[in-house]
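Data first, discussion second: the structure below is written as structure tokens.
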Amino acid sequence: MPQRAADLLAACLVAQGADRLFCVPGESYLALLDALYDLPQVDVVVCRHEGGAGMMAVADAKLTGRPGLAAVSRGPGATNAAIAVHLAEQDAVPLVLLVGQVARHERGRGAFQEMDYGAVFGTVAKAVWEVWDAAHLPEIVARAFHTAAAGTPGPVVISLPEDMLGDVVDAEPVPPQPLPRTGPGPGEIVAVVERLSAAERPLVIAGGGLAATEGRSALANLARRCGLPVATTFKHQEIFDNAAPYFAGNLGFKIPQRHVDTLAEADLILAIGTRLGDVPTQGFTFPVAPRPAQTLVHVWPDPAVLGRVYRTDLAVPCDPVLFCAALADAAPEADRGDWRQRVRRSAMTLRAPPLRPVTGGVDFGAVVSALARQAPRDSIVATDSGNFSSWVHAFWPWDGSQTAIGAVGGAMGLGVPGAVAAAMRHPDRTVLGFVGDGGALMTGQELATGIAHGAKPKIVISDNSTYGTIRLHQERAYPERVVGTDLANPDFAAWARAFGAFGRTVSDVDGMDDAVAELLAHDGAAVLHVKSSAEAISAFTTITALRGAPTSD
């Protein structure tokens, strides 16, 4: 039946299973918004900045395992959303970004807010399409959702010329294409079993490809059966019980060299569900690129990733969950107690030191510890990027069951949008958003979005009046030469109340438990403003210690 292209596009989104669209409205795609007016299947979430909308879509994808969906207007809207496109690529998260475009007859003429989105996003997105013929919408939308989720998940962009959305077209939505899910071949499992049986010191490096419940269970079973120590990749320590005797630590930024040296004693590395980027490999030094000192078995669903950086002894392009299950079934049981215990003892040294008496505020670990004691065990934890998150990584009781949202790509600003998206997706669960003072004023306005939609996130802001991560590097490289990292902050409790949220400030450890209890008990969005110490720059060091350390690090 003939219909407006905008209505066809809306129907195509529903056909692909989209149930939530994060957006900032723009005149270039008003026709699509009008079409969604009649489709209650899609919840239209109006955000306050395109960066926040995109980050909410990324967080939603992390929560559901399905492509997140965002829509922005042409030009400034698209460039504001670029941070989310980059984050989706870095984090291997499926994202579909709809971008308005100038009318077709204006293309190439330098029209108002015109951009070539293929050129803008072509090196970051998996694919970019501009829809000139509305009859192709069903095919392109179906292909976009499939491309975003298949192989290495990532972002795709669909450019929508404004006049095209008004075309009348006779077409029907294309149903979603099932994702290919390939297990390892029998010969591959035999080859892995042979290498595993011959190894004395095998090690698993486990990444986000095992984040789903099925993947966590398969990984834990494999570790128990084969006596394998498991190190998790950056921002994915939630996938494995950190108290288990098999846990080998989290491969985040600049972990102590002594622990890296212990892990490097491995004679076999099973890299499962990770692309082995520079962070978990400590700058491509463990394993050493391009030729590791250890035998390397690399498991990732996209063959294009395997062998691209590392010379791999056995590349297995398959679903990492199916790989873990198949290997656990085929491999002989083993204990490997001596090796496993040595790795475990080394990993225990990564724990943060006890809380420190510091000046100029509190050790942020005090509030994280209080929340760890009082918050429900199934709380969803969203962390922004920044040194404050080191306390969350160190003090949270990660038991392999919790849901966590973090920016593997390191982008600041995910904390508040991520917590809001999680609170909307899971209104029955406690959602904690940990964010620094820098990130809070980058995308914190999305708290208004959450309140408008009845979301009830609990936001914890570490206010130490500095860009903490950069300050740490600055003090290490240029001790006592502080420039460009100091911040002047508002009263974040009053800021929260201005949005209609609960707001409270805590500036010392006395009363911390009461403040946390009040935050958790509040039936609505809430902000705890923590006046944290800049001296306690991270969970593992202080500014004083950095100034006394050698500058050659």
Item to complete: Quick one: count up the residues across segment 42-75 that are touching a Lys or Arg at 6+ places or on another chain (Cβ under 8 Å) and in a loop (DSSP other than H, G, I, E, B).
Response: 1
Worksheet item: In segment 457-493, which residue that is assigned to a helix (DSSP H, G or I) and free of Cβ contacts under 8 Å to residues at least 40 places away in the same chain is nearest to the chain's Cα centre (by Cα)?
Response: Ile470
Practice prompt. Would you please name the residue that is farthest from Val420 (Cα to Cα), looking only at residues in segment 477-494 that are surrounded by 14 or more Cβ atoms within 10 Å (Cβ to Cβ) and touching a Lys or Arg at 6+ places or on another chain (Cβ under 9 Å)?
Written response: Pro479
Worksheet item: For segment 157-181, how many residues meet the condition of being more than 18 Å from Cys12 (Cα to Cα) and outside the structural domain of Gly54 (by TED's automatic domain parsing)?
Response: 2
Discussion item. Just checking, does segment 29-39 include any residue being touching a Phe, Trp or Tyr at 6+ places or on another chain (Cβ under 8 Å), in contact (Cβ under 8 Å) with a residue 60 or more places away in the chain, assigned by TED's automatic domain parsing to the domain that holds Ala148 and surrounded by 24 or more Cβ atoms within 10 Å (Cβ to Cβ)?
Written reply: no
Worksheet item: Of the residues Leu263, Leu327, Leu268, Leu276, which single one is crowded, with 20+ Cβ neighbours inside 10 Å, in contact with a Ser or Thr (Cβ under 6 Å, 6 or more places away or on another chain) and not assigned by TED's automatic domain parsing to the domain that holds Phe395?
Response: Leu268
Worksheet item: Just wondering, is there one or more residues in segment 18-41 that are in a helix (DSSP H, G or I), more than 25 Å from Ala103 (Cβ to Cβ) and touching a helix residue (DSSP H, G or I) at 6+ places or on another chain (Cβ under 7 Å)?
Response: no
Worksheet item: Out of segment 494-552, which residues are touching a residue at least 60 places away in the same chain (Cβ under 8 Å) and among the charged types (D, E, K, R)?
Response: Asp508, Asp513, Asp523, Lys531, Glu535, Arg547
Item to complete: Determine, yes or no, whether Ile255 is on the phi < 0 side of the Ramachandran plot and modelled with pLDDT of 95 or more.
Response: no
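The values are calculated or read from the model by the stated rules, or taken from the named source; none is laboratory data. In this text the structure is predicted, and so the values were computed from the model without any measurement. Cβ atoms come from the backbone with ideal geometry, glycine included; neighbour counts cover every protein chain shown.
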